[in-house]
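The values are calculated or read from the model by the stated rules, or taken from the named source; none is laboratory data. None of these values were measured; they are calculated from a predicted model. Backbone-built Cβ (ideal geometry, glycine too); neighbour counts: all protein chains shown. Heads up: the accessible areas ignore ligands, DNA and RNA and are worked out on the full protein's heavy atoms, side chains in. Shrake-Rupley method; radii C 1.70, N 1.55, O 1.52, S 1.80 Å.
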Amino acid sequence: MGPMVWISALICIFGLLVKFILIIKEVYEKERYLLSYITVRHSLRSIIAWLIPFYPRSTRMRPVYYGISYLFHVLLFLLPVFLMSHIVLINESFNLSWPAMNDTAADILTIGVIFALVFFVLRRRFIPDVRFLTSFMDYILILMVLLPFVTGFLAYHQVILYKWIVIAHVLSGEVLLIVIPFSRFSHMITAPLTRAYTGSEFGNIRHARDW
Amino acid sequence: MEKKQSWDWNTDLKEIPVGEWKARFNWVEELNISPDGENIASVVNVDEAAFKICVNGHVGDTEYEKIWSLKSLPDNGFAAFVCADEEWTLIVNGQEWSSWFDFIWDLHITPDGKHMGFAFQKEGEYGMAIDGLPWNRVYSNMAGMTLSNTGTSAAVVQVVPMKAADVDGFKQGLFSVAVNGNTFHNTFLNIWDISFDRAGQNLAAGIRLDREAYTIVKNDVIWDRKFQGVWKPIFSNSGNVLAPVRDAGKWKLFMDNEPFWKKGYDQLWKITPSPANNDVATIVANHFGKWSVAVNDKVWKMTCDTMISDILYSDNGSCLVAVLKDKGLWNLAVNQTPWNLSADKVFTPCISPDGYLVAVVVEKKGKFHLVVNNKIIAGNYDLMTTPVFSPDQSKILIKGVEKGVYKRRVISI
Amino acid sequence: MSGNETISIEKSTDDAVENGLSRLTPQRVSHVINQVLHQETGARFKAYVDTCMRCGLCSDACSYFLSNDRDPSFSPAAKVKQTIWEMLAKKGKVSKDFLRRAVHIAHLECNVCRRCSMYCPFGIDIAYMMLLVRRICHKLEITPQYIQDTVNSHSVTMNQMWVKEDEWIDTLQWQEEDGREEFEDLRIPLDKQGVDIMYSVIAPEPKFQAGLIYQAAVIMHAAGMNWTMPASPGWDNSNMAMFTGDNEISGRIARTFFESAARLNVKRIVMGECGHAFRSTYDVGNRALSWAMPPFEVVHAIEFYHELLTAGRISIKKKFTKRVTLHDPCNVSRGRGLHNMARKIVNMTCSNFTEMTPNKEHNLCCGAGGGVVNCGPPYKKERMVNNRVKAEQLAATGAEVLIAPCHNCHSGLEDIIHHYKLNMEVKFLGDILFETMEKKIYRPEE
Ligand code: SF4
Ligand code: SF4
């Protein structure tokens, strides 16, 4: 287990942190007036409303996509964090540990993630309005997420070229972590911000719901 | 000032019952009170489409089809627009002007009352009429009518015709300034906020040269610099033109085409030069939504969140009053210190020439009160107009209506 | 309904756009685009661009998308793709054909109704981005002719329709005289200082629908309100500059408006049934001037009627019996949450009310109020095609009368009704109130 994993994890976390700070700083410098409309209450109201599955009307209109997407996002975080083999590695390095997920469950859920990603690809190919919006980059992004899961799955089952697959798994995971702050994956921090702002404009100023 | 000396400062109370007018006429319109408080007048309806002006309970013989814009005059008389046989003119103390028009509006009166003017429309063309005389030239369109203290008149007029919705035509600049009826040479996309100097000899205005370029014109000469926006220019006491301009995203104060103040603001308007010295005050927002006053580019230590509607100096320049609204309620701030009025409305303050006394009429829950130096000194009126200090500043003249009776009161302070 | 028109419709041309395009140089184009996209925006814009995952959840929000049989190019995010993303990718070096299409997308294919920000999981405000495109068009002087003419009018007269100052006053005096048939001492007090309410309308009222001022005066008089209307510019609460991206003129309009209220020392401003004017005075115009919130309370007619009815200042003589439905104007429902009040008024005044769906914040847009209808006759046919879903929604209610408390919605909906041959009459809430109210003067003691 090389130090690269931890370096990429740090790049991811610090990258996101810096990005967050830069956004706030830019708002302060150029559009400070926006801050006078944002309230914690309305921000949370909107964020929570959008975290409740199938609560917003929009999500009910495309239930299949939304359902898959919701589970996908949950698993994207849960799987790597609660995977036995990851916890073991962390324990070796930092002497930290927490309960792990049952291996069979993890295995099935990994297949789930892979299916979700395949579903996203198909959706991008076959739903006309989504296809219209899709560019080559979107497939690259999907691929970047897909790789660590596929290689992880293969490594677990030790199907072929175990050593190489493990290296590919580690590398693809590192690449993904590094890319997060510099790509649209950073929506993990910008989304709550845009949601908070829109939620505040709707809730605080326009006295209307935004879901 | 001399005039004020001759007013009656000795009688404590004079009353005119106005409530009973309602019984005498079909209806009584807005009450209007003369500066000295001796006269109170209203437009009254006497019959179907028949109106008169009632002054202190007396009505004249002449009735008109319509009367509006009744205003009190500095000489304590009244002027109004009247209509007879579908033609309009101005009556001043009951006397009609000799020229009649298809429509007239926007009455201007100089502070000394020597000059009066209004906008007129005759056969679809527009001009101003000053002291009984209409402009020689008329125009197809007119806006922004202004009268200087010395009786010079000016307005924005359209000098090039435009077909309906002709946006390319508009781009050429169709408007000019007409001074006493005669236009500037230059034409512009837009002209706003004509401003005269004290002598009424020079004028300045904000203009737009194309979609995006704004600047100032002074006597038909355009400033070299262009800006993202401009507000009303004002002549300083020394005859320079001061203007709020938006430059590189900030509002700044410029003088004669050059930067005057150093700071840039989120907003800056209502330039108010001190009458006594070279101080210049403006309303500013130092940060978004935070309103204050800047004097010589230094911002007051006070802010309010809703609005500052006006700033006024005392004659000697020692006192600067801001009329402001904070958290939805109206208040005054005098030399940086806010009062605690919490009023629903605050009317124009009256400041003593030496700046020691500030009086203002406020309305709270539908009742009018008089506040002097942050203390209510008379209250519960149904209506009250701006008070006046006696020349020696020992007394104040209150003009208000209470339970259907107009009361002219003089009280010591 | 004639859905196939989508394919056959020809995009109209517009002299103002074409002449504007012919004047442009590549330098000016890239300069303006970069200036707007990089200098005039900030982190919010970047976050919108970076956050959009091209998921298409916003598509179902847009009545243009739905009316055009889910044509992908009408999806909200697609409108950004076809304008902003490309401007950014090409660093502003875009062709005239691109700009012609961009003018069209931003002014005719998006009504800045903000519905899509309720459908995007990230709340991305596509309307804001379309307004940025409109601002670029404004600076490049390629804004469609008719809406530009209204902005020109605003800049000169401070009203939207070149209404001259004497015409305005004359109209009010004439409405006052007419109103005396209802109440012999009815007045429209002009420029009366220190009253409680400044009543304001949009310029089409004195120009074409003076009867609405008459109705408002009757309602004010009957309710015993202490009110006035300004006799000088600043009476018009509309603001088309807000919709062409001319933020400077937009600010000037808003300033003139609020300074009228300050000059008259009123307590609050009540406005007639107009949605975009409400958006301007409540939400947009004030911000351009550093007023975080409007400096005077701005009360939309819906709120005002609701207040009069619940306070008993106006009572209903006989309810309206025809079958009615209610259209929620974006700018006061999604823009101010007044939809529930509007329903209460309908229920208080009408006996046969059918909801249309979706409604309230989720209402489908009229296709007019965001500046689209103001682009004028050249685009009417297209506007009708782009509004098919609204027609279907209206038809499904089976109502005889459509209540729309907004001027622009009115124009848009009348056109739709006519085009799709729906047998419906469009009315304002004020029309209903005027018809059903007791014409007697409110006395507190009664
Ligand atoms: S703002 Fe309205 S019209 Fe514009 S893209 Fe969004 S949903 Fe469609
Ligand atoms: S719903 Fe939001 S994130 Fe998805 S494509 Fe539309 S704007 Fe982008």
A:Ser46: within 16 Å of ligand 1 (Cβ to nearest atom), within 12 Å of another protein chain (Cβ to nearest Cβ), surrounded by 16 or more Cβ atoms within 10 Å (Cβ to Cβ) and assigned to a helix (DSSP H, G or I), yes or no?
no
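Among the residues of segment B:367-402, how many are on the phi > 0 side of the Ramachandran plot and modelled with pLDDT of 95 or more?
Final tally of qualifying residues: 2.
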Residue by residue through segment C:31-43, note down the ones that are touching a Gly at 6+ places or on another chain (Cβ under 9 Å), polar (S, T, N, Q) and either open to solvent by less than 10 Å² (accessible area, probe 1.4 Å) or more than 14 Å from chain A (Cβ to nearest Cβ) (or both).
C:Asn34
Mind listing whichever residues of segment C:290-308 are over 18 Å from A:Phe202 (Cα atoms), surrounded by fewer than 20 Cβ atoms within 10 Å (Cβ to Cβ) and within 10 Å of chain B (Cβ to nearest Cβ)?
C:Glu297
Any residue in segment C:118-126 that is of a type in the set (Asp, Glu), near ligand 1 (Cβ under 9 Å from one of its atoms) and surrounded by fewer than 23 Cβ atoms within 10 Å (Cβ to Cβ)?
yes
Taking interchain pairs and intrachain pairs at least six residues apart, which have beta carbon atoms under 6 angstrom, with the first residue in segment C:113-127 and small (Gly, Ala, Ser) and the second near ligand 1 (Cβ under 8 Å from one of its atoms) and open to solvent by 10 Å² or more (accessible area, probe 1.4 Å)?
C:Ala127/C:Arg114
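Could you check, for segment C:22-30, whether at least one of its residues is more than 9 Å from every other protein chain (Cβ to nearest Cβ), within 11 Å of ligand 2 (Cβ to nearest atom) and free of Cβ contacts under 8 Å to residues at least 60 places away in the same chain?
no
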Unique residue being at pLDDT 95 or above and of a type in the set (A, V, I, L, M) when the list is C:Ile441, C:Ile403
C:Ile403
Which count do you get for residues in segment A:159-211 that are outside any helix (DSSP H, G or I) and more than 7 Å from chain C (Cβ to nearest Cβ)?
4
(1) more than 12 Å from chain C (Cβ to nearest Cβ); (2) surrounded by 13 or more Cβ atoms within 10 Å (Cβ to Cβ) all hold for A:Arg41 apart from (2)
State which residue is nearest to B:Leu332 (Cα to Cα) when the search covers only segment B:280-308 and only residues that are open to solvent by 50 Å² or more (accessible area, probe 1.4 Å) and more than 14 Å from every other protein chain (Cβ to nearest Cβ).
B:Lys301
Scan segment A:1-38 residue by residue and report those that are open to solvent by less than 30 Å² (accessible area, probe 1.4 Å) and not in a helix (DSSP H, G or I).
A:Glu31
Taking the conditions exactly as written (without any contact (Cβ under 8 Å) to a residue 40 or more places away in the chain and of a type in the set (Ser, Thr, Tyr)), does B:Tyr313 satisfy them or not?
no
For C:Lys46, are the conditions met, namely being within 11 Å of chain A (Cβ to nearest Cβ), within 12 Å of ligand 2 (Cβ to nearest atom) and charged (D, E, K, R)?
no
State whether one or more residues within segment C:200-217 are open to solvent by less than 10 Å² (accessible area, probe 1.4 Å), away from ligand 1 (no atom under 16 Å from the Cβ), among the small types (Gly, Ala, Ser) and not in a helix (DSSP H, G or I).
yes
Where in segment B:8-84 are there strands (runs of 3 or more DSSP E), lying fully within it, with 2 or more residues that are touching a residue at least 24 places away in the same chain (Cβ under 8 Å) and surrounded by 15 or more Cβ atoms within 10 Å (Cβ to Cβ)?
B:40-47, B:50-55, B:66-72, B:78-84
Residues that are under 21 Å from C:Val332 (Cα atoms), among the aliphatic types (A, V, I, L, M), outside any loop (DSSP other than H, G, I, E, B) and within 15 Å of ligand 1 (Cβ to nearest atom): does segment C:99-107 have at least one?
no
Report yes if C:Thr83 is more than 8 Å from chain A (Cβ to nearest Cβ), at pLDDT below 95 and assigned to a helix (DSSP H, G or I), otherwise no.
no
Is there a residue in segment C:242-249 that is more than 13 Å from chain B (Cβ to nearest Cβ) and in contact with a Gly (Cβ under 7 Å, 6 or more places away or on another chain)?
yes
Just a yes or no: is a residue in segment A:162-171 under 30 Å from C:Cys113 (Cβ atoms) and open to solvent by 70 Å² or more (accessible area, probe 1.4 Å)?
no
For segment C:56-67: of the residues being crowded, with 24+ Cβ neighbours inside 10 Å and within 11 Å of ligand 1 (Cβ to nearest atom), which is nearest to the other protein chains (Cβ to nearest Cβ)?
C:Ser59
Might you check whether a residue that is part of a helix (DSSP H, G or I), of a type outside the set (Lys, Arg) and open to solvent by less than 10 Å² (accessible area, probe 1.4 Å) occurs anywhere in segment C:313-325?
no
In segment C:144-196, what count of residues is obtained for those that are within 28 Å of C:Lys439 (Cβ to Cβ), part of a loop (DSSP other than H, G, I, E, B) and free of Cβ contacts under 8 Å to residues at least 60 places away in the same chain?
8
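Can you tell which of C:Ile416, C:Ile345, C:Ile432 is at pLDDT 95 or above, in contact with a Gly (Cβ under 8 Å, 6 or more places away or on another chain) and away from ligand 2 (no atom under 16 Å from the Cβ)?
Of C:Ile416, C:Ile345, C:Ile432, the one residue that is at pLDDT 95 or above, in contact with a Gly (Cβ under 8 Å, 6 or more places away or on another chain) and away from ligand 2 (no atom under 16 Å from the Cβ) is C:Ile416.
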Residue match in segment A:188-202 (condition: touching a residue at least 60 places away in the same chain (Cβ under 8 Å), charged (D, E, K, R) and open to solvent by 20 Å² or more (accessible area, probe 1.4 Å)):
no
